[in-house]
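To keep things clear, I will list the structure first and then write my remarks on it.
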Amino acid sequence: MSKTKPAALPVDTLIGGYRIVRKLSVGGFGVVYLAKDKNDAWVAIKEYLPSSLVTRLEGELLPRVADDKLSLYWLGLKSFFEEGRALAQISHPAIVGVQNFFRANETIYMVMNYLQGATLQEFILTARDLKREKIFRESTIRSLFDEILHGLRIVHQSKMLHLDIKPANLIITTNNKPVLIDFGAARQVINKKQDSAMRPMYTPGFAAPEMYQRDGALGPWTDIYAIGGCIFSCMNGYPPVDAASRKVKDKLHVVLSRLRGVYSDNLLELVQWCMALDPQARPQSVFALQKQLGDLSNLRYQEKTLSDRLRAGLGKLIS
């Protein structure tokens, strides 16, 4: 099978009562399109199209699946459908809304609200370029993630995991509301005896250690690790070191110590808690994390030690 990525649907394709306007993004498991419904309203449509299993030539509608990949393709298709059905039942402003999902062209399409805004990643990069001491104010970070956690808690209550939370998958809409998107890794993890090609894809820096392991036990604590990584990025301006490297030599506490006095000890400790390498050492539920994040009764700020200041200065010289 060719390694060329399957082609997106042609512009102006009519499918399920929607007209494709253009391609928005491509991921390992599908393509997202900007489209219009029959009332000319904007929607985003995600097509199940795993690049590791299918090919499709320019201008074609049907994906081509090799015989030896058919069982995995249909297993993934079933999981994608179940994911769409579960997301359609979740109504929360911090979770992307699923309006509809339908079958066509021997695959599944998920119709979602089209969100206008910018990703948290874009905001972080812009703020970082300003070279201020604080990337974001602590109050902004706490407020932002409080809203996200309210939505994520409902996702977990619905027996789903996201498994790819990162700043690029958080949209800040034009009315300043955070929305968690791209649940492409949220479908059921394929049975451990199945081909590992269908395991959830991970993003280094935000993926918990158990996601690197074929037999790793995934749960709410896995998404919580990623939340910690996102908060870290909002404070530091850069993603954390990947979990595999941290297991060899963990310097997370050193990097966080450079932020003493800039952010409260409470918030720094919360990130350390979320990003514990041992899954059992992390918050085991979103509720436990929410409780700690919202506790403003005894905020502590510690002044940087001389060694902290010297390390910070050396880091700037090296960079």
* To do: Wrap a convex hull around the Cα atoms of region 8-53, take a quarter of its surface area, and give that in square nanometres.
  => 3.0
* **GluC sites (Glu not before Pro) within region 30-100: DSSP coil, no more than 13 neighbouring Cβ in 10 Å** => GLU58
* To do: May I ask you to compute the full-extension gain from GLU122 to TYR238, defined as 0.36 nm times their residue separation minus their alpha-carbon distance, rounded to one decimal in nm?
  => 40.6 nm
* Asked: Using alpha carbons only, what's the Rg to Rh ratio of region 14-113 with Rh from Kirkwood?
  -> 0.96
* Long-range amide H contacts for TYR238: which residues qualify at under 5 Å (H placed 1.01 Å from N, peptide plane, sequence gap of 5 or more or a different chain)? -> none
* Structure fact -> Here, trypsin sites (Lys or Arg not before Pro) of region 5-106 satisfying both criteria (DSSP loop; at most 16 other Cβ within 10 Å) are LYS38
* Note the direction-averaged projected area, equal to a quarter of the hull surface, for the Cα convex hull of region 86-129, in nm². => 4.6
* To do: Would you mind getting me the FRET efficiency between ALA217 and GLN157? Use the beta-carbon distance for r and R0 = 25 Å, nearest 0.05.
  => 0.85
* To do: Calculate the length of the line joining the C-alpha centroid of region 1-35 to that of region 77-133, in whole Å.
  => 15
* Pick out, in residue order, every one of the GluC sites (Glu not before Pro) in region 111-164 that is DSSP loop and has at most 11 other C-beta atoms within 10 Å; say none if there are none. => GLU133
* Looking at the chain, what % of the alpha carbon pairs are farther apart than 26 Å? -> 50
* Mean separation of Cα contacts under 8 Å (6+ apart) over length of the chain, as relative contact order % -> 13
* Arranged by the count of other C-beta atoms within 10 angstrom, fewest first, what order do LYS166, LYS159 take? -> LYS159, LYS166
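Every number in this text was worked out from the coordinates using simple rules, so none of it is lab data. The shown structure was predicted, so the numbers you read here are calculated from the model rather than taken from an experiment. Backbone-built Cβ (ideal geometry, glycine too); neighbour counts: all protein chains shown.
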